[in-house]
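Written out below as structure tokens is the structure these notes cover.
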Amino acid sequence: MRSIPTIARGVGARLLLAVFGIGAFSALVAGAAIYAFYEVGQSLALIDQRIDPILASLEVSRSVERIITASSSLSAVTTEQQRGNVFAGLSAESLKLQALLNAMRDGGISYEKLAPIEEIAVQLDANLIALDADVRLRLQLIGRIKDLMRGVFDTNEETRKLLSPTLLVYDSQTGRLVSLMSGGEGKNEPTWQIFRPLVGSLLAARQVQRVQQQTSDVADFLAQASSSDQKQRLLVLAFQLRRKIDDLEKSAETLDPKLRPLFLAEVDKFETLVDGASSIPLLRQKELDLIADASRLLAENTGFSTQLTTAAEQLVEATKREVRDATGSALRVQRISTGAIGLLLGLGLLTSILIVWRYVGRNIVARLNQLSSTMLAIAGGNREFAVAISGSDEIAQMGRAVETFRQNAIELDGLLIERAAAADRLERVVAERTAELGQQQAVLRVTFDNMADGVVRFDEQLRLAAWNRNFVTMLSLPDSFLADARTYEDYLHFLTERGEFGAADSEAELRRYTENIGRHYTFERTRPNGQILEVHHNPVPGGGFVLIYSDITERKAAEQEIERARDTAEATLRDLKAVQASLIQAEKMASLGQLTAGIAHEIKNPLNFVNNFASLSVELLDELKETAAPAVAALDEEKRADVGDTIELLTGNLEKIVEHGKRADNIVKSMLEHSRGVSGERRAVDLNGLIEEALNLAYHGARAQDQSFNVTLERDYAPSLNQIELAPQEMTRVFLNLFSNGFYAANKRARTNGDAGFRPMLQVATRDLGEAVEVKVRDNGTGIPLEIKDKLFQPFFTTKPTGEGTGLGLSISYDIVTQQHGGTITVESEPGSFTKFTIRLPRH
């Protein structure tokens with residue numbers, strides 16, 4: 001019977017079988033782990049997909065809160081700029097809310113769940129747009145009401161100015177009446193013929209005063225209507241205003257026929273402010289309607305906020321339930337997979353131990369240890385050690401390879417004998433390589449000569465050892481100098497004698513350079529021909545040094561050019577900073593003008609009441625004095641004197657109130673004029689005629705205030721001066737201010753210097769400069785000190801005593817000339833001698 005041949009199993013087959021057995025258990029463990037990871041991954045993916053919608057839902061609530069807060073701020077803005085800023089923030093927040101809703105939709109939230117939130121968001125956005133429209137209209141109404149109130153104050157002021165001349169005439173006649181009553185004149189005339197016209201004037205003055213008081217009442221009611229917060233109160237004020245207008249029209253019949261049309265024109269202005277589509281009560285009512293509508297929209301926004309927050313919280317709760325379910329599923333799969341993996345790992349570990357002990361330990365490791373001992377013996381020189389080569393697996397093949405190595409080692413010993421012959425051949429190769437090296441040195445010499453810098457080397461004994469061609473060319477060294485052996489000392493002496501170091505002592509230069517031979521340093525030197533050299537001194541290990549000369553003439557010129565450019569840039573930067581400072585000052589002045597306007601408008605109305613009621617109280621006190629005269633006459637002398645003193649004291653106090661009220665009114669008027677800036681219609685005018693008119697007006701106004709006022713006027717107008725384009729009313733203000741200041745300074749000097757021969761004088765001259773016109777105003781007054789000359793055109797700066805000036809005249813004049821007319825105004829002065837203002841205006 002034939003036996004079945006066995007299949008030879010080598011080390012590779014046995015290791016493959018062992019690895020396969022271990023790998024089988026590892027595959028089972030990996031499969032269980034992959035399944036667990038897959039299930040956990042599915043749950044984590046669901047959780048990750050729901051996290052962003054949860055966060056977005058929470059952010060929706062916070063975004064809605066910010067929108068509600070910002071919408072409240074929008075309803076409270078007072079300027080168009082504030083409205084634009086707040087609404088821009090609201091728009092950005094609304095876009096952010098829409099982005100959050102998009103993120104929730106992209107995160108897998110269903111349309112049914114998102115539909116209520118999106119519908120409320122759309123309504124909220126529509127409310128915000130409507131609220132912004134209400135606020136924008138309200139700001140427009142506020143601006144229109146402010147403009148109309150300025151018209152109210154201006155009309156009231158014009159009416160006061162219109163009636164003031166008539167009252168002044170009546171006051172003069174009343175004074176004459178008092179004089180007649182005291183026996184001053186008219187003694188030879190019949191009493192009734194003298195007193196009849198004067199008493200008529202007194203009664204007419206009372207009628208004009210009553211008309212003036214009615215005008216102030218209309219202005220006061222309009223001011224109340226512009227700020228009233230109750231519609232019912234607005235209706236009452238509107239009815240009262242119409243009655244007041246009717247009373248004014250009736251009262252106009254009692255005025256002088258020449259004065260009546262002018263006064264009725266002012267009444268018509270008041271009537272347009274009381275009735276019609278642009279009346280103050282109607283505009284204020286529209287503003288109150290807009291405020292109410294904004295409050296309604298804010299209340300609706302609050303309700304939308306609550307609904308959105310509730311919907312978002314419900315969405316968050318539903319998403320949380322999905323996350324909890326996914327988390328529980330992942331935990332169950334993880335516990336089951338953990339148990340299966342632990343069991344498989346235990347079985348795999350036991351199987352691995354058996355496979356390693358049976359196959360690896362007995363059949364592989366023991367035989368490898370024996371083979372290792374044999375290899376160490378051969379490496380130690382024992383070429384006779386026997387090698388085990390039995391078997392047919394890989395270890396047996398390794399044994400046969402070691403045996404082959406042993407045989408090769410025996411052959412190597414014979415080869416060492418041949419190494420001496422190989423050394424002889426190597427010496428011949430070295431000789432050949434030396435010849436090649438000489439050739440390479442020649443190539444390096446050519447490269448050395450063609451370097452861009454000049455290079456020279458001095459050896460350890462400071463002898464000139466090597467140099468290149470650029471060194472000779474750069475320093476212009478003659479061939480005769482380099483033909484002989486030279487030292488560093490010879491080199492320095494040669495350069496000194498040729499004047500390379502200027503007038504320096506050659507010995508001192510030699511000592512200075514030789515003292516620094518052993519260190520690295522760099523310096524620059526300028527040759528007599530203007531060439532600039534940069535010299536690098538580099539010591540060489542073992543002694544000696546190398547000098548490297550670089551021509552940096554062009555580089556230095558470029559550096560100087562860069563330095564000049566930098567200086568120019570710095571100068572430009574300084575100019576820019578100066579311009580920036582000027583712009584900052586201009587912004588400060590603009591802010592000051594706005595603040596001044598606000599303060600002046602707030603003070604104007606109560607000030608009118610103070611002035612009007614103070615004047616009325618003086619008249620009432622006079623009537624009380626006349627009415628109570630019989631009762632006072634019945635008192636004893638002491639009490640009668642007390643009553644008289646009290647009445648005189650009250651009269652004096654009221655007159656002081658009137659005086660200071662008028663002063664405050666002038667200050668407020670100047671503040672309003674300064675805050676309004678420059679305005680007015682421009683047209684071609686005769687400048688000489690405009691100046692002459694302003695000069696006469698200023699002169700007669702000064703004479704009316706002070707009967708002792710006297711000044712000599714000198715005029716030097718350019719003949720045939722062509723018309724110039726300007727705003728006549730504004731320029732009249734400028735000339736009146738300059739003339740008044742000149743009169744004040746000239747008379748002040750006349751009062752204070754005590755020179756009887758001094759004559760106050762004001763000179764006005766005009767000159768035609770072609771494309772411009774020049775006006776000079778010169779007085780021989782007290783002059784302006786140098787330390788305050790630069791402050792003249794600043795607002796509220798004045799050299800006059802308290803009560804005599806507001807400090808706004810020159811500031812307003814400066815703005816009119818420079819800003820509105822594009823001209824210039826300058827001042828020259830010598831304290832105690834003169835002051836001259838020069839105005840230059842372009843023709844167009």
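Condition first: open to solvent by less than 40 Å² (accessible area, probe 1.4 Å), modelled with pLDDT of 70 or more, touching a Pro at 6+ places or on another chain (Cβ under 8 Å) and more than 30 Å from Gly31 (Cβ to Cβ). Can you find one or more residues in region 292-311 that meet it?
yes
Kindly check whether there is at least one residue in region 620-627 that is open to solvent by less than 80 Å² (accessible area, probe 1.4 Å) and either at pLDDT 80 or above or outside any helix (DSSP H, G or I) (or both).
yes
Which ranges mark the helices (runs of 4 or more DSSP H) fully within region 456-508 that have 3 or more residues being open to solvent by less than 40 Å² (accessible area, probe 1.4 Å)? Outline the logic, then answer.
Values: elements: 469-475, 479-483, 488-497.
Per the criteria, 469-475, 488-497.
Taking into account only those residues within region 490-527 that are β-branched (Val, Ile, Thr) and either in contact with a helix residue (DSSP H, G or I) (Cβ under 7 Å, 6 or more places away or on another chain) or at pLDDT below 80 (or both), which is nearest to Lys556 (Cα to Cα)? So that I can check it myself, show each step before the final result.
Start the filter on region 490-527 by keeping residues that are β-branched (Val, Ile, Thr), which leaves 496, 514, 517, 522, 526.
Subset that is either in contact with a helix residue (DSSP H, G or I) (Cβ under 7 Å, 6 or more places away or on another chain) or at pLDDT below 80 (or both): 496, 514, 517.
On the way: Thr496: 24, Thr514: 28, Ile517: 27 Å.
Checked region 490-527; the qualifying residue nearest to Lys556 (Cα to Cα) is Thr496.
For region 150-157, state whether one or more residues are open to solvent by 30 Å² or more (accessible area, probe 1.4 Å), part of a helix (DSSP H, G or I) and either at pLDDT below 65 or closer than 23 Å to Val267 by Cα (or both). I'd like the intermediate steps shown before the answer.
Residues of region 150-157 open to solvent by 30 Å² or more (accessible area, probe 1.4 Å): 150, 154.
Still in the list and also part of a helix (DSSP H, G or I): 150, 154.
Filter once more, keeping what is either at pLDDT below 65 or closer than 23 Å to Val267 by Cα (or both): 150, 154.
Among the residues of region 150-157, at least one is open to solvent by 30 Å² or more (accessible area, probe 1.4 Å), part of a helix (DSSP H, G or I) and either at pLDDT below 65 or closer than 23 Å to Val267 by Cα (or both), which makes the answer yes.
Determine whether Gly328 is within 60 Å of the chain's Cα centre (by Cα), exposed (fewer than 12 other Cβ atoms within 10 Å of the Cβ), of a type outside the set (D, E, K, R) and at pLDDT 70 or above.
So Gly328 passes the test.
Being open to solvent by less than 30 Å² (accessible area, probe 1.4 Å) and part of a helix (DSSP H, G or I) narrows it down to one of Val122, Val135, Val86, so name that one.
Checking each option against the conditions leaves just Val135.
Which one is modelled with the highest pLDDT among residues in region 661-694 that are under 25 Å from Thr766 (Cβ atoms), of a type outside the set (A, V, I, L, M) and not in a helix (DSSP H, G or I)?
It comes out as Asp686.
Out of the residues in region 695-738 that are closer than 17 Å to Glu774 by Cβ and in a helix (DSSP H, G or I), state the one that is farthest from the chain's Cα centre (by Cα).
Quick first cut of region 695-738, residues closer than 17 Å to Glu774 by Cβ only: 695, 714-726, 731, 734-735, 738.
Filter again for in a helix (DSSP H, G or I), leaving 695, 731, 734-735, 738.
Values: Leu695: 47, Met731: 37, Val734: 36, Phe735: 40, Leu738: 39 Å.
Filtering region 695-738 for residues that are closer than 17 Å to Glu774 by Cβ and in a helix (DSSP H, G or I), the one farthest from the chain's Cα centre (by Cα) comes out as Leu695.
Restricting to region 61-83, count the residues that are more than 20 Å from Arg138 (Cβ to Cβ), of a type in the set (D, E, K, R) and either touching a residue at least 24 places away in the same chain (Cβ under 8 Å) or open to solvent by less than 30 Å² (accessible area, probe 1.4 Å) (or both).
Qualifying residue count, region 61-83: 2.
Please give the number of the condition Gln729 fails out of (1) surrounded by fewer than 16 Cβ atoms within 10 Å (Cβ to Cβ); (2) modelled with pLDDT of 90 or more.
(2)
The values are calculated or read from the model by the stated rules, or taken from the named source; none is laboratory data. Given the structure is predicted, the values throughout are model-derived calculations rather than measurements. So basically every Cβ, Gly included, is an ideal-geometry build from the backbone, and we count neighbours across all protein chains shown. To get the accessible areas, we keep the full protein, side chains included, count just its heavy atoms, and leave off ligands, DNA and RNA. Shrake-Rupley method; radii C 1.70, N 1.55, O 1.52, S 1.80 Å.
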